[in-house]
Structure formats: C-alpha cells, structure tokens
Amino acid sequence: IIQFTNFMANSVFNDAYDLSFNYEKIPTEFYKNALEASKVVAKEIADLIRRKQAAGKPAVLGLATGNTPKLMYAELIRLHKEEGLSFKGVHTFNLDEYYPMQPDDINSYVRFMKTNLFDHIDIDMNNVNIPDGTIAKEDIAAFCQEYEAKIDAFGGLDIQVLGIGSNGHVGFNESGSHINSKTRLVALDYSTRYDARNDFGGLSKTPTVAISLGVHHIMNAKRVVLLAFGPGKTNIIHKACEGPVTEHVPASFLQTHPNVTFYLDEVAAAKLMKVQTPWLMGPVE
C-alpha cells in the first residue's frame, strides 16, 4: 500500500511537471505595474546596445508604437541622459505605419517615435527606418521588399519589441495572418480601428489600412519581447500564451519562437495558469 501511495504521489507530481510544459508555452514575467516591467525591458535593450558597441557592431532594434512601450522609451531616454547610454551606431526598424499618413500628422508613427524617443537621444536619423505612409500605392510592394532587404542585410533584428492588440495582432498582422506573411499593406480589423477611434476623432476617420512588417521577419528576430499591461490585455494574453497556435491569434505564433519573453503587469497576467493554479506548474518557492 505504501509503495502504491508513493507511486501515485510521484505520478501526480510528474504530471504537474508535464503540465508546466503544456501550459508555459511562452515564458512570461510579470511585475506589480507597467513601470517595473518597462524598466526591465529597457535595461535589456541598453545592455544589448552596449555589448554590440563594445564588439564594434551595430545593434539592430525592432520597435513598436502605441501606449504600451511609452514607459520603456522614457526609461531609455533616462539611461541616455543620466547613465551615458549612447545610440550612436544603433539602427532601428519600426513595425508599421498607417496608410496613407504624412510624417508630421499627429497620428503618424514617425511623429510618435520622434516625440517619445528619437528627439531625446543621440541616434543618427539616417539609421532610423519607419514604413513610409506617403508613397504611391503602386510602389508599396517594392518598398516592402526593400524594407525587408535592409533588415536582412544586418542579419536580422537583434531584438523585436512588440505590443499586442485586443484581437492578438502583432504589428498590424491581423487575425488571419500567416506565420510566413511578408511585409505588406494590411486591411485593419474592425476591432483594431475601434480601439484607435479616439485618436482619429471617430471610427469613420480611422484609417482602414496600414503597412506592417510581416510575421516572418518578426519570427526571424534573434530575440522577441512583448509588453502587455492592464485589464484590456488579460484575455488575449491568456489566449496567446496558453491557447493553440493559430492564425486567428497571430501572437500565438510566438509559442514557436526560441527566444521570446512576455513582460506583463499583474492584471494582464491574471488568467495565466502560473497565476491561477501555480501548483500545477511544478515546484514553486
């Protein structure tokens, strides 16, 4: 009886260990608030830049826009101004841009990046790459190929920073995007436009299309970090991290990336198994 009891106990323990591999499909770290998480990611980027500079090589950053990365950018600015972090030699590639869009428009991602990062650091603007919202429609395909070629010339992105949409999009790779999708003009999902409606003064004024880096080049980044904060991200983080890999939730593709971490606040992480039922995730401290 004792042997049988021990066998069953060990089986349950081992099953719990197996569940950790079934459910922790994407490594996640969560913090008390968005500021703490943002500082951790900013430090990782700063450390990458410094390592690359010490080796005489350029750091190649994939950058995101929206409210989510603002605190991270603010910390990078602080590191530049107070701790001497230099962005000389750094090359950046932004994920996306609305189309059509003038660079000085209040909703332009060019303006966003200047306001929230580039105007406050010593980066060479010739090394900054953002999809062009002003080019003729017939030239978009060629532009997208050239954009990918510039990334490839560096050997890919050293790190890609992502947010996540309420429907699971990354960049503007909406639900239905293939894992091998290329950089392209994308029709924006209704939910994406609805979420952005206040920025444009109403849904009818919100762009219907945008240029987006494809999932393929996001997945080819050497390192991917995704930031998500607040109650609006709780459900989609649960789906992306613990649901099936599906084109209906493009962020779920990251379950197959070899070097990815999701950085969350406690609210965004609330439905994850490691929060809801941590005893199923193996030994805990």
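Quick one: in the range 103-123, which of the residues that are in contact with a Phe, Trp or Tyr (Cβ under 8 Å, 6 or more places away or on another chain) and assigned to a loop (DSSP other than H, G, I, E, B) is surrounded by the most Cβ atoms within 10 Å (Cβ to Cβ)? Lay out the reasoning, then the answer.
Pass one, the range 103-123, residues in contact with a Phe, Trp or Tyr (Cβ under 8 Å, 6 or more places away or on another chain): 107-109, 116-117, 121-123.
If we keep only those that are assigned to a loop (DSSP other than H, G, I, E, B) too, we end up with 107-108, 117, 121-123.
Numbers: ASN107: 18, SER108: 20, LEU117: 23, ILE121: 17, ASP122: 11, ILE123: 21.
Going through the qualifying residues, I end up with LEU117.
With respect to ILE77, determine if the residue is out of contact with any Phe, Trp or Tyr (no Cβ under 9 Å at 6 or more places or on another chain) and hydrophobic (A, V, I, L, M, F, W, C).
So ILE77 fits the description; yes.
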Residues located in the range 138-160, provided they are buried (at least 20 other Cβ atoms within 10 Å of the Cβ) and either within 21 Å of HIS238 (Cβ to Cβ) or polar (S, T, N, Q) (or both) = GLN160
Which residue pairs have Cβ atoms under 6 Å apart, sit 6 or more places apart or on different chains, and have a first residue in the range 29-49 that is open to solvent by 50 Å² or more (accessible area, probe 1.4 Å) and a second that is modelled with pLDDT of 95 or more and among the small types (Gly, Ala, Ser)?
-> PHE30/ALA269
Here are SER181, SER191: which of them is in contact (Cβ under 8 Å) with a residue 12 or more places away in the chain, in a helix (DSSP H, G or I), open to solvent by less than 50 Å² (accessible area, probe 1.4 Å) and farther than 13 Å from ASP96 by Cα?
-> SER191
Hey, among LYS57, LYS39, LYS88, LYS81, which residue is assigned to a helix (DSSP H, G or I) and out of contact with any helix residue (DSSP H, G or I) (no Cβ under 6 Å at 6 or more places or on another chain)?
-> LYS81
Can you tell me which residues in the range 52-93 are free of Cβ contacts under 8 Å to residues at least 60 places away in the same chain, over 22 Å from LEU35 (Cα atoms) and of a type in the set (A, V, I, L, M)?
-> ALA54, ALA55, VAL90
Does ILE135 satisfy being outside any helix (DSSP H, G or I) and surrounded by fewer than 20 Cβ atoms within 10 Å (Cβ to Cβ)?
-> yes
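The values are calculated or read from the model by the stated rules, or taken from the named source; none is laboratory data. None of these values were measured; they are calculated from a predicted model. Glycine gets a Cβ as well: all are built from the backbone with ideal geometry, and neighbour counts include every protein chain shown. Surface accessibility is based on the protein's heavy atoms, side chains included, excluding ligands, DNA and RNA. Shrake-Rupley method; radii C 1.70, N 1.55, O 1.52, S 1.80 Å.
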